[in-house]
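Shown next, in structure tokens, is the structure this report addresses.
Each value in this text was obtained by applying a stated rule to the coordinates, not by laboratory testing. As the structure is a prediction and not an experimental result, all values here were calculated from the model. In this analysis, Cβ positions are derived from the backbone assuming ideal geometry, glycine residues included, and neighbour counts consider all displayed protein chains.
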């Protein structure tokens, strides 16, 4: 039987957590809140990286005509069926045909048409001979001629109607993240407006009286905002549209006002723990629903989640590594699902051998940053939630599940690579 989601403590400020939800229970609650947003129509040029909202079926054959696949001469294969070095075939050149134009006539016996790659095959022709295999003859009374000394098969160097896509065929399935080549295919079947899933609107609420704007030089006992730029980049990676509220002071009413922002998801950075100025959990409980506060994980144990006016709210710890960890486990999952993407982490996954142990304890999930050493993976520390640089020195991370007491040197573990 799965563990239940415990009700959050009413007020943990300066008291600490009496109980914490398991990661599994928190994820189960989160998944009950998730759905895919509605669709919108955008131009093919604006659809790159977006998630296709419905199956796309071709209304056309692509190409819609037979065409030359080489620069050369369109002809009747039967006319050169017996051509040889000792008895070459000689054909009259009846004219030229270029891409986007049709030949105003027909290739009759003994004739051919000079043709360019992509041009429609003239009526009567059934093959194309590359120009390199043709000897150009002198123009006679009946016009220019060509000479060929070997036969060619019917259909050679001819692109058939519908060989790329056939009318009525499934081109792309719903849920696909559109790549550049996908946009080319959609354009080729006349899709002027591409139906894509709306991108989740994500409001960033970064709190803290100690914070200076992102990129500002640290001054005295104040520090520059690191979480805002990091969260904005994570939201963009996961397909959301991040809008910042700027630095919000540790004032209950200022935070309450920021929580009411028009968005699909609210990310609050800071003010979620047990300090005297950690107001966000009480405000969410007062004005909405605080479903989770305190999770049995390291780092990011002060993480909270809930809803306010139908919007998902994530209370992310202010310490940068905790903020990243909580986003990866919970908020990023929600943003991806709302935008039609897979819930799973977007990190590349592999298996490696540990060169050093990773300590943990049963009943808690650990998020351990690791680097690649000469003898395998080396942990950069599980604790140290304020040391964001450990994530830049790390190649990836290892998750120690709650039922595991830790890993020993020599163990083979799953690793998720940051790149």
If each Cα of the chain is one equal point scatterer, what is log10 of I(q)/I(0) from the Debye formula at q = 0.07, 0.08, 0.09, 0.13 Å⁻¹? -0.54, -0.62, -0.68, -1.07
Provide the descending list of Cα extents for the stretch 98-222 along its principal axes, expressed in whole angstroms. 95, 38, 26
Relative contact order of the chain, pairs being alpha-carbon contacts under 8 Å that are 6 or more residues apart, as %: 16 percent
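Using only Cα atoms, figure out Rg for the stretch 300-340 and give it as a multiple of 2.2 N^0.38 Å. Don't jump to the answer; show the numbers that get you there.
On the way: Rg = 10.4 Å, N = 41, 2.2 N^0.38 = 9.0 Å.
Computed over Cα atoms of the stretch 300-340, the ratio equals 1.16.
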Can you put 52, 284, 172 in order, fewest other beta carbons within 10 Å first? 172, 52, 284
What's the percent breakdown of Cα-Cα distances in the stretch 298-419 across 10 Å bins, shortest bin first? 13, 42, 33, 10, 2, 0
Per residue, the convex hull volume that the Cα atoms of the stretch 1-116 enclose (Å³): 320 Å³
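Take the Cα radius of gyration of the stretch 348-417 and divide it by 2.2 N^0.38 Å, with N its residue count; two decimals is plenty.
This ratio for the stretch 348-417 stands at 1.00.
At a 10 Å Cβ-Cβ cut-off, how would you order 113, 400, fewest neighbours first? Spell out each step's value before the answer.
Working: 113 26, 400 23.
With the fewest neighbours first, 113, 400 line up as 400, 113.
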Could you work out Rg/(2.2 N^0.38 Å) for the stretch 168-299, with Rg from alpha carbons only? 1.42
Given the peptides 180-190, 120-130, arrange them by the average over their residues of other C-beta atoms within 10 Å, most packed first. 120-130, 180-190
Can you give the angle from 0 to 90° between the axis of helix 227-237 and the longest principal axis of the chain, with both taken from C-alpha atoms, to the nearest 10? 30 degrees
Two-decimal log10 I(q)/I(0) for the stretch 67-159, as the Debye equation yields it once each C-alpha is a single scatterer, q = 0.12, 0.14, 0.15 Å⁻¹: -0.30, -0.41, -0.47
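Using only the C-alpha atoms of the stretch 66-113, find the volume of their convex hull and express it per residue in Å³. Could you put the intermediate results ahead of the total?
On the way: hull volume 4.3 nm³, N = 48.
It comes to 89 Å³ per residue, whole-number rounded.
Relative contact order for the stretch 67-159: what is it in percent, counting Cα pairs under 8 Å that are at least 6 residues apart? Write down the numbers at each step before the final one.
Values: 245 pairs, mean separation 39.2, N = 93.
That works out to 42 percent.
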Thinking of the stretch 186-237 as a set of Cα atoms, what percent of all their pairs are more than 17 Å apart? 57 percent
Which of 295, 205 has the fewest Cβ neighbours within 10 Å, and the rest in rising order: 295, 205
Considering all projection directions equally, how large on average is the shadow of the alpha-carbon convex hull of the stretch 158-213, in square nanometres? 7.1 nm²
Using a Förster distance of 41 angstrom, determine the FRET efficiency expected from the C-beta separation of residue 117 and residue 351, and round it to 0.05. 0.30
Cα centroid of the stretch 186-211 to Cα centroid of the stretch 361-377, whole Å: 33 Å
Area projected by the alpha carbon convex hull of the stretch 268-347, averaged over all directions, nm²: 5.4 nm²
Distance between modelled label sites at residue 417 and residue 92, nm, 7 Å Cα→Cβ extension: 6.5 nm
